[in-house]
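A.B. asks: This is the structure, below, for whatever I ask next.
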Amino acid sequence: MKIGFHASHEQFTPRHLLKLVQKAEDAGFKAVLSSDHFHPWSDTQGESGFAWSWLGAAMQATNLEFGIVNAPGQRYHPAIIAQAVATLDQMFPGRFFLCSGSGQLLNENITGEKWPAKRDRNQRLRESVEVMQRLWQENDYLNHKGMFTLERAKLFTKPTQIPTVFGAAITEKTAAWLSSWADGMITISKPKKELEKMIAAFRGTGGENKPMALKVQISYAATRQEALDGAWEQWKNNIYPSKVIADIDSPEKFDAMGQNTRKEDVEKHVIVGNDADTFIEKIREYEALGFEKIVIHNVNTQQEDYIDFFKKEVLPNFQQQ
């Protein structure tokens, strides 16, 4: 099991995030998960650097394992993502993993192309991953015609090893669907019973021996009230079901929706606390469920305090690989 640090490009500048991942490595985090957005979730967050440029610098600046949550097929052609992944793995062998999802209109609408229905986005995602895996492995020129077109493409610079592709799932239906073709599953923190259902759906339909990763939303501060206030300010737009937020096309509309969010609503989706036991107990629970990567996203802006706290009070309680 590895405990990871989430690098949120929507909330911090790329320069700040470089310093944070170095600090996270020193604190004992063993992995980093990066978001890949064109727009932030909120005007309040106010950032959105290009994650792929940043990854090369961040991997050079640390020795950590890195992953990114990416939606191939609309904003990016899958062949370009395959090339980017292969290049990172050539420079930093065995230190990169990919998390692939069907995307959100917030980011993909910049191309001006039609936003497909969820069923079509899922089909595009599966085709994208299959084409990327072929590009990483095969030496012939490849063609593909389906949800996107590929003509005579060949990666001359291959990865040193085929990267693990985690399929992103928020619902049990998606977890079951991706178990047959993804190398693993990544999902987000939920109450234990809901996570158990997600795992059962994934494990029961082809994912028996595949790895699982979990992104955990927390808010830590010196006092519980500060932690709750910070979570509400930064994350109140993000607690709604994926079928709602996937089709919202601008930070302004997210902000308008978030104004109806109460702080007690945020507490149902973010682990809020100022004591170590709150977070230790949850991480142990997730580890027992079988998650091998547990990525912690402190959703408020107090990143340095959070890293220092985890270094002293939380991470020493776990044996990480």
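A.B. asks: Under 17 Å from residue 35 (Cα atoms), surrounded by fewer than 19 Cβ atoms within 10 Å (Cβ to Cβ) and modelled with pLDDT of 95 or more, is that true of residue 142? Full working, then the answer.
C.D. replies: Working: under 17 Å from residue 35 (Cα atoms): no; surrounded by fewer than 19 Cβ atoms within 10 Å (Cβ to Cβ): yes; modelled with pLDDT of 95 or more: yes.
Here the answer is no, as residue 142 does not meet what is asked.
A.B. asks: Can you tell me which residues in region 156-181 are touching a helix residue (DSSP H, G or I) at 6+ places or on another chain (Cβ under 7 Å) and either within 20 Å of residue 218 (Cβ to Cβ) or small (Gly, Ala, Ser) (or both)?
C.D. replies: 167, 169, 170, 175, 176, 179
A.B. asks: Something else: It is to be established whether one or more residues within region 171-181 are surrounded by 14 or more Cβ atoms within 10 Å (Cβ to Cβ) and within 30 Å of residue 301 (Cα to Cα).
C.D. replies: Step one: of region 171-181, the residues surrounded by 14 or more Cβ atoms within 10 Å (Cβ to Cβ) are 171-172, 174-179, 181.
When the remaining residues are screened for being within 30 Å of residue 301 (Cα to Cα), the result is 171.
Yes: region 171-181 contains one or more residues that are surrounded by 14 or more Cβ atoms within 10 Å (Cβ to Cβ) and within 30 Å of residue 301 (Cα to Cα).
A.B. asks: Moving to a separate point now. For region 221-243, enumerate the residues that are open to solvent by 20 Å² or more (accessible area, probe 1.4 Å), closer than 21 Å to residue 277 by Cα and touching a residue at least 12 places away in the same chain (Cβ under 8 Å).
C.D. replies: Scanning region 221-243 gives 222, 223, 224, 226, 229.
A.B. asks: Turning to a different aspect of this structure: Going by the structure shown, is residue 84 at pLDDT 95 or above, small (Gly, Ala, Ser) and either open to solvent by 30 Å² or more (accessible area, probe 1.4 Å) or under 21 Å from residue 7 (Cβ atoms) (or both)? Lay out the reasoning, then the answer.
C.D. replies: On the way: at pLDDT 95 or above: yes; small (Gly, Ala, Ser): yes; either open to solvent by 30 Å² or more (accessible area, probe 1.4 Å) or under 21 Å from residue 7 (Cβ atoms) (or both): yes.
The answer is yes for residue 84.
A.B. asks: Residues 213, 168, 200: which one is in contact (Cβ under 8 Å) with a residue 60 or more places away in the chain, of a type in the set (Gly, Ala, Ser) and open to solvent by 20 Å² or more (accessible area, probe 1.4 Å)? Even if it seems obvious, please write down each step before you answer.
C.D. replies: Working: 213 fails: open to solvent by 20 Å² or more (accessible area, probe 1.4 Å); 200 fails: in contact (Cβ under 8 Å) with a residue 60 or more places away in the chain.
Residue meeting the stated conditions: 168.
A.B. asks: Still on this structure: Name every residue in region 290-308 that is in a helix (DSSP H, G or I) and either in contact with a strand residue (DSSP E or B) (Cβ under 6 Å, 6 or more places away or on another chain) or under 29 Å from residue 200 (Cα atoms) (or both), in order of residue number. So that I can check it myself, show each step before the final result.
C.D. replies: Of the residues in region 290-308, the ones in a helix (DSSP H, G or I) are 303-308.
Across region 290-308, the qualifying residue is only 306.
A.B. asks: When you scan region 244-266, how many residues do you find that are within 19 Å of residue 187 (Cα to Cα) and crowded, with 16+ Cβ neighbours inside 10 Å?
C.D. replies: Residues that pass the stated criteria total 3.
A.B. asks: Which residue pairs have Cβ atoms under 6 Å apart, sit 6 or more places apart or on different chains, and have a first residue in region 131-153 that is of a type in the set (D, E, K, R) and a second that is open to solvent by 40 Å² or more (accessible area, probe 1.4 Å)?
C.D. replies: Listed pairs, sorted by first residue: 151/143; 152/141.
A.B. asks: Which of the residues that make up region 267-321 are crowded, with 23+ Cβ neighbours inside 10 Å and among the hydroxyl-bearing types (Ser, Thr, Tyr)?
C.D. replies: 306
A.B. asks: Follow-up question, since we're still on this one. Considering only residues that are surrounded by 22 or more Cβ atoms within 10 Å (Cβ to Cβ) and part of a loop (DSSP other than H, G, I, E, B), which ones fall in region 11-34?
C.D. replies: 11, 29
A.B. asks: Does region 125-139 include one or more residues that are within 18 Å of residue 241 (Cα to Cα) and in contact with a helix residue (DSSP H, G or I) (Cβ under 9 Å, 6 or more places away or on another chain)? Quick ask: steps written out before the conclusion?
C.D. replies: Step one: filter region 125-139 for residues within 18 Å of residue 241 (Cα to Cα), giving none.
No, there is no match, as no residue in region 125-139 is within 18 Å of residue 241 (Cα to Cα) and in contact with a helix residue (DSSP H, G or I) (Cβ under 9 Å, 6 or more places away or on another chain).
The values are calculated or read from the model by the stated rules, or taken from the named source; none is laboratory data. Since this is a predicted model, take the numbers as computed values, not measurements. Please note: Cβ atoms are built from the backbone with ideal geometry, for glycine as well, and neighbour counts cover all protein chains shown. All accessible areas refer to the heavy atoms of the entire protein, side chains included, with ligands and DNA or RNA removed. Shrake-Rupley method; radii C 1.70, N 1.55, O 1.52, S 1.80 Å.
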